[in-house]
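Working notes, structure below.
The values are calculated or read from the model by the stated rules, or taken from the named source; none is laboratory data. Treat the numbers as computed from the prediction; the structure is a model and nothing was measured. Cβ sites come from the backbone with ideal geometry, for glycine too, and all protein chains shown count toward neighbours. These area figures cover heavy atoms from the full protein model, side chains too; ligands, DNA and RNA do not enter into them. Shrake-Rupley method; radii C 1.70, N 1.55, O 1.52, S 1.80 Å.
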Amino acid sequence: MPTIAKNNDVITVIIILAVEPERQQELIETIIEFLETTVKHQPGFVSSSIHKSIDGVRVMNYAQWKTHEDYQAFINHSEVQEKGAKLSQFQLLDSHIFEVVVSKPDNHTPKITKGGFLTHLAEFRMKPENQQAMLDLANKEIVTAIKQNPGLISATFHRSLDGTRVMNYGQWRSQEDFEAILKKPDFEIESGYWVDLAENEFHLYEVVYTQPAD
């Protein structure tokens, strides 16, 4: 099963697509077909984990490649572009290359499994000059969050190589555990630690498919 590369021995590509709820399953099946017929056979491919948002409006692919060069060769290959043409009918919201910056707990390697933990993906968008300050604050906040929320299994912050994104891939025991933090008296999403540094949006996902390399 795929695991999060805490030591950055591979690169991570996070791709998010928007979809109408009634077409979410169609999008998932289109991605899986592309993965099984084309992507998994490409040099440098490591894994792909498809997540569907609980609210039905997004599908996220957490993909891993051996090197940046392998991924660039893949997306620039004309045959790959032709075979992936079906995906162009869906709206691409975000696609960036990331590296893991901090992951807690220290002694835990998050595993990505179908039907496993609830995934909380917090998307922070920022100017490149604010990325490091955002990461410094996140590094402090993550320690407190793990201690105060027993339902939070792991939290992993990723930084995009272009400086414009920070993604927190969090794994929760259940949706009830996640919603409990939103009900805490001192929780205010409008005044979070990221204010003045980044714009934040989050969605809850469940893993519906994983594909390791051949």
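Name the residue farthest towards the positive end of the dipole of the chain from the options LEU135, ILE54, VAL80, assuming +1 on Cβ of Lys and Arg, -1 on Cβ of Asp and Glu, about the Cα centre.
So the residue we want is LEU135.
Pop out the carbon and sulfur fraction of the accessible area of the chain as a percent, whole number, probe 1.4 Å.
On the way: 5260 of 10620 Å².
Roughly 49 percent, rounded to a whole number.
What are the semi-axes of the equivalent ellipsoid of the chain, taken as the square roots of 5 times the eigenvalues of the Cα gyration tensor, listed largest first and rounded to whole Å?
Values: eigenvalues 157, 72, 57 Å².
Its equivalent ellipsoid spans semi-axes of 28, 19, 17 Å.
Take GLU201 and LYS140, extend 7 Å from each Cα along the Cα→Cβ direction, and tell me the distance between the two endpoints in nm.
2.8 nm
May I ask you to derive the FRET efficiency for GLU22 and LYS86 from their Cβ-Cβ distance with R0 = 22 Å, giving the value to the nearest 0.05? If you can, show how the numbers build up before the last one.
Details: r = 17 Å, r/R0 = 0.79.
Rounded to the nearest 0.05, the efficiency is 0.80.
How much accessible area per residue does the chain have, in Å², with a 1.4 Å probe?
Numbers: 10620 Å² over 214 residues.
Computed with neighbouring chains in place, this is 50 Å² per residue.
Take each of the peptides 44-53, 142-151, 15-24, 62-71, average the number of other beta-carbon atoms within 10 Å over its residues, and list them starting from the highest. Please list the in-between numbers first.
Values: 44-53: 22.2, 142-151: 14.4, 15-24: 16.1, 62-71: 18.9.
So the peptides 44-53, 142-151, 15-24, 62-71, ranked by packing, come out 44-53, 62-71, 15-24, 142-151.
With an 8 Å cut-off on Cα pairs and a minimum separation of 6 or more residues, tell me the relative contact order of the chain in percent.
Details: 431 pairs, mean separation 64.4, N = 214.
Computed over the chain, the figure is 30 percent.
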